[in-house]
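Right, one structure below, let's go through it.
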Amino acid sequence: MKIHSDCRPCLIRQVHRTARAAGADDSMVRSIGEAAIQILESSWNSDESPPAISTVLYRLVERMSGCDDPYLPQKIAYTREALKLLPVIEAMLENSKDVFDSAVRISIAGNVIDFGTGAQNRKIKLMDTLEEYLRKPIFHDDTAELRERAFGAGRILFIGDNAGETVFDRPFLSILPEGKVTYAAKGGAIINDATVKDARLAGVHLHTDLIGTGARTPGTILKMCSRDFQKLFMESDLIIAKGQGNFETLTEEPRGGRIFMLFIVKCDVAAESIGASVGDMVAMKW
C-alpha cells in the first residue's frame, strides 16, 4: 500500500506519542515533532509504504530521546494480561464447532493491541474484544482457502505483529501442522511490535521455531530484512502475516497467492484501499 497525504497527520501523532512514551518532556516532544515535520517535507516519497516512512521517524525519536524501546513496559504488561486469558481462550477453541475458523478469529482479535494507532491511550478490554470478534463477520474472508493451504503446505512462515497479540496467535499455531511452521518476530524494538524476546515471553516458542526478521520496521520491508529471513520468505509455501503494517508493506510485493494477511483495519486510508471500514476484520489472500 502506498503512503497517502492523509498519513501525514497520523505519522506526526505517532511521533508525539512515541516521544512521550520514551520519557521526553514537552519541550523535547515539540523539538522531535518539528524535526519529524522537516523530514516529511524534505523526503516525502509517495512510492513508499507508510511503514517505510514511519521507520525513519521512529529512528529520529530514538536518537533524540535516547530510548530505543519506549513501549517495553506496556509490551510486558499486555503480554502478561493476555497470558492470564490463555486458559479461557484455549477452552473457547476446544469447545468451538469450527476450530480453524475460531483460531483465525482469535488471532485477528489480538491485533487490537496496537500502539501505532494510539491504543495505549485507552485501556484495551481484551476479553470483551475477543468475544466481539468471535461473533463478528470477517469483511474480506479467505479463511476457507487459508485452511486448505495450511494443511497442504510443506513450509509455513507466520509473521507476527504486536507484543501481547502474540499470545492470541498461540491457539492458531497449536493447530497448524507440527514441525512445518516458523514464527518470525521483529529483529529489534519498534513501537509495540514483538521482538523475539517479547514473543518468547508470550510462549510462542512452545509451539514453533522462533526467529527474527533482522529488521526494525513496522510491517515487513523485505529489502531491510536479513538474508536468512529473505530466503525463508521466498522458500515458504504459505505465509501468514499479522497486522495492518504487514498489509501495508507486503502488498508492495508481487501477488503470488501464498500470503494471507490477518488484521483489523485501523485507519481510513487502509480501509479505503480495500473497500472496508475501520474496525473490520480481514483475512485476505495476496
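The values are calculated or read from the model by the stated rules, or taken from the named source; none is laboratory data. No experiment lies behind these values; they were computed from the predicted model shown. All Cβ positions, even for glycine, are placed from backbone atoms using ideal geometry, and neighbour counts span all protein chains on display. Side chains are part of the model used for accessible areas, which takes the heavy atoms of the whole protein and leaves out ligands, DNA and RNA. Shrake-Rupley method; radii C 1.70, N 1.55, O 1.52, S 1.80 Å.
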## Note on the structure
Scanning the range 251-275 for residues that are in contact (Cβ under 8 Å) with a residue 60 or more places away in the chain and within 20 Å of L146 (Cα to Cα) gives T251, R258, F260, L262, F263, I264, V265, I274
### Message
For a quick check of your reading of the model, give me the residue pairs whose first member lies in the range 62-84 and is within 18 Å of D169 (Cα to Cα) and among the β-branched types (V, I, T), whose second is open to solvent by less than 70 Å² (accessible area, probe 1.4 Å) and part of a loop (DSSP other than H, G, I, E, B), with beta-carbon atoms closer than 8 Å and at least 6 apart or on different chains.
### Response
I76/A163; T79/A163; T79/G164; T79/A202
## Note on the structure
The number of residues in the range 101-158 that are aliphatic (A, V, I, L, M), over 14 Å from K242 (Cα atoms) and modelled with pLDDT of 95 or more is 4
### Task
Out of the residues in the range 128-159 that are among the basic types (K, R) and in contact (Cβ under 8 Å) with a residue 40 or more places away in the chain, state the one that is least open to solvent (accessible area, probe 1.4 Å).
K136
### Query
Given the residues F233, F229, F263, which is the only one that is within 15 Å of D141 (Cα to Cα), open to solvent by less than 30 Å² (accessible area, probe 1.4 Å) and among the aromatic types (F, W, Y)?
F263
## Note on the structure
D68 vs (1) modelled with pLDDT of 95 or more; (2) open to solvent by less than 50 Å² (accessible area, probe 1.4 Å); (3) not in a helix (DSSP H, G or I): all pass except (2)
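Conditions (1) more than 28 Å from L83 (Cβ to Cβ); (2) in contact with a helix residue (DSSP H, G or I) (Cβ under 8 Å, 6 or more places away or on another chain); (3) part of a helix (DSSP H, G or I), marked per residue:
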| site | (1), (2), (3) |
| --- | --- |
| A189 | no, yes, no |
| A199 | no, yes, yes |
| G214 | no, yes, no |
| P218 | no, yes, no |
| M234 | yes, no, yes |
| E272 | yes, no, yes |
| M284 | yes, yes, no |
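Okay, residues lined up against (1) of a type outside the set (A, V, I, L, M); (2) under 23 Å from A270 (Cα atoms); (3) surrounded by fewer than 18 Cβ atoms within 10 Å (Cβ to Cβ); (4) out of contact with any Cys (no Cβ under 9 Å at 6 or more places or on another chain):
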residue	(1), (2), (3), (4)
V167	no, no, no, yes
P177	yes, no, yes, yes
V181	no, no, no, yes
T217	yes, yes, no, no
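This table checks each residue for (1) surrounded by 20 or more Cβ atoms within 10 Å (Cβ to Cβ); (2) part of a helix (DSSP H, G or I).
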site: P9; (1), (2): no, yes
site: R30; (1), (2): no, yes
site: A52; (1), (2): yes, yes
site: Y58; (1), (2): yes, yes
site: Y78; (1), (2): yes, yes
site: A82; (1), (2): yes, yes
site: S96; (1), (2): no, no
site: F100; (1), (2): no, yes
site: V104; (1), (2): yes, yes
### Task
Only residues that are farther than 20 Å from T249 by Cα and assigned to a helix (DSSP H, G or I): list them for the range 11-28, please.
R13, H16, R17, T18, A19, R20, A21, D26, S27, M28
